[in-house]
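Here's the structure, in structure tokens; my notes come after.
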Amino acid sequence: MHVPDGFLDAPTSLATGTVAVVGVGLALRGARRELDERTAPLAGLVAAFVFATQMVNFPVGAGTSGHLLGGALAAALVGPWTGVLVMSVVLLVQALLFADGGLTALGTNITLMGLVGVGVGWAVIVLVRALLPRRTSSVVPAAALGAAISVPVAAAAFTALFAVGGVADVPLGAVLTAMIGWHTLIGLGEAVITALVISSVVATRPDLVYAARPLLADRSLEIRTPEAVA
Amino acid sequence: MIRTRTFYVVLLVAALLVAGVLSYYASTSPDGLMHVADTTGIASSQKTHATDGSPLAGYGVSGLDHRLGKGIAGVVGVLVCLGLGLGLGRLVRRPAATDAPSSDS
């Protein structure tokens, strides 16, 4: 979903650039509460992993493909604020080194895939987690649903930006329908990949999944032997 | 439970394999946004990317064949993202309890 240069006009790009700067600034503060000495390297590893996975486009039919955006995945693994930082690193590297996503559209892309993707993904994760049984495996469906919903919402957000500052003269209804339609399909792929990754990590090191930590704390309260921590 | 360091190494190796090897088999069809842009006409206003001429533009290495070029581009991208993410992580993480007090802005 990398927006190239020229799709949105200069004022809109400037506005999304401002939103992105404020968002990343807030994330730099918020990430303090999410990362400690032990989990700090995960910010780098998740950025590397999201970059890698974004390279693998999967077909979604009719000459169209999609790839993982990774907002919900990053939020589940390292927390929403660190997730925004991770997505911003990936988008910056893609725009500067690989000419993927316009330079003037960097703010737009951070807003859509970073702030909206992570924000919506995390909101859904928290909501679904609250509804499911209190065990770490509940994070898997929560993250999958967060992934599935975050992609079409980001696509709708692009359409909203296009309505405000789109350069081409194109009927909005057609853009909205097509964007949401295709990205609902891509969201299913996003959900599958997110579920696979989160379930593997929950199975091996649930303590390293940010979204699973409140559930872990719960569990260790029930176990009364001191060896349980080992 | 596997050790934290082992887990981190496995995650990095997975990222390197996905970007360096699996990426070659990715679909080359336009993604959702570009497909919509092509079919609705949004794409008519697209401008050439400012760094289109850079050596890694389009996830390849200019002068190398597609397979090798994409693999190298993927590995470079993974390592650069890793480095920036590690740096940011170090910058923002909670200082350990034993750390000397640092000026907190």
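Some values worked out for this structure:
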| item | result |
| --- | --- |
| Any hit, segment B:27-34, residues being β-branched (V, I, T), farther than 22 Å from A:S13 by Cβ and surrounded by 15 or more Cβ atoms within 10 Å (Cβ to Cβ) | no |
| So A:V170, is it of a type in the set (A, V, I, L, M, F, W, C), part of a helix (DSSP H, G or I) and more than 25 Å from A:T18 (Cβ to Cβ) | no |
| Neighbours by Cβ (under 7 Å, 6+ apart or cross-chain): first from segment A:36-63, free of Cβ contacts under 8 Å to residues at least 12 places away in the same chain; second open to solvent by 10 Å² or more (accessible area, probe 1.4 Å) and part of a strand (DSSP E or B) | A:N57/B:D31 |
| Selection from segment A:4-39 of residues that are at the interface with another protein chain (Cβ under 7 Å from one of its Cβ atoms) and acidic (D, E) | A:D5, A:D36, A:E37 |
| Single match in B:Y24, B:Y59 (criterion: over 21 Å from A:T104 (Cβ atoms) and either within 19 Å of the chain's Cα centre (by Cα) or at pLDDT 95 or above (or both)) | B:Y24 |
| Unique residue being within 11 Å of another protein chain (Cβ to nearest Cβ) and not charged (D, E, K, R) when the list is A:V151, A:V126 | A:V151 |
| Pair list, Cβ < 7 Å and 6+ apart or interchain, from segment A:2-16 residues that are more than 15 Å from A:A95 (Cβ to Cβ) to residues that are exposed (fewer than 15 other Cβ atoms within 10 Å of the Cβ) and not basic (K, R) | A:T12/A:V164 |
| Residue ID - farthest from A:A15 (Cα to Cα), chosen from residues in segment A:112-139 that are open to solvent by less than 30 Å² (accessible area, probe 1.4 Å) and of a type in the set (A, V, I, L, M) | A:V139 |
| Out of B:V21, B:V76, B:V92, sole residue that is more than 7 Å from every other protein chain (Cβ to nearest Cβ) and free of Cβ contacts under 8 Å to residues at least 40 places away in the same chain | B:V76 |
| Leading residue by the ranking (nearest to A:L188 (Cα to Cα)) among those in segment A:54-69 that are buried (at least 24 other Cβ atoms within 10 Å of the Cβ) and facing another protein chain (nearest Cβ under 7 Å) | A:G66 |
| Unmet criterion (only one of (1) open to solvent by 30 Å² or more (accessible area, probe 1.4 Å); (2) more than 7 Å from chain A (Cβ to nearest Cβ); (3) under 21 Å from A:Q54 (Cβ atoms); (4) modelled with pLDDT of 95 or more) for B:R67 | (4) |
| Matching entry among A:A15, A:A20, A:A72, A:A95 (being surrounded by fewer than 21 Cβ atoms within 10 Å (Cβ to Cβ), within 29 Å of A:L172 (Cα to Cα), of a type in the set (A, V, I, L, M, F, W, C) and at pLDDT 95 or above) | A:A15 |
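To keep it simple, each residue is scored yes or no on (1) under 15 Å from A:V22 (Cα atoms); (2) at pLDDT below 95; (3) crowded, with 24+ Cβ neighbours inside 10 Å; (4) at the interface with chain B (Cβ under 7 Å from one of its Cβ atoms).
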site	(1), (2), (3), (4)
A:P41	no, no, no, yes
A:L77	no, no, yes, no
A:L103	no, no, no, yes
A:L106	yes, no, no, no
A:I110	yes, no, yes, no
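The values are calculated or read from the model by the stated rules, or taken from the named source; none is laboratory data. All figures in this text were calculated on a predicted structure; none of them were measured in a lab. Reconstructed Cβ throughout: ideal geometry from the backbone, glycine too, with neighbour counts over all protein chains shown. Ligands, DNA and RNA are excluded from the accessible area calculation, which covers all protein heavy atoms including side chains. Shrake-Rupley method; radii C 1.70, N 1.55, O 1.52, S 1.80 Å.
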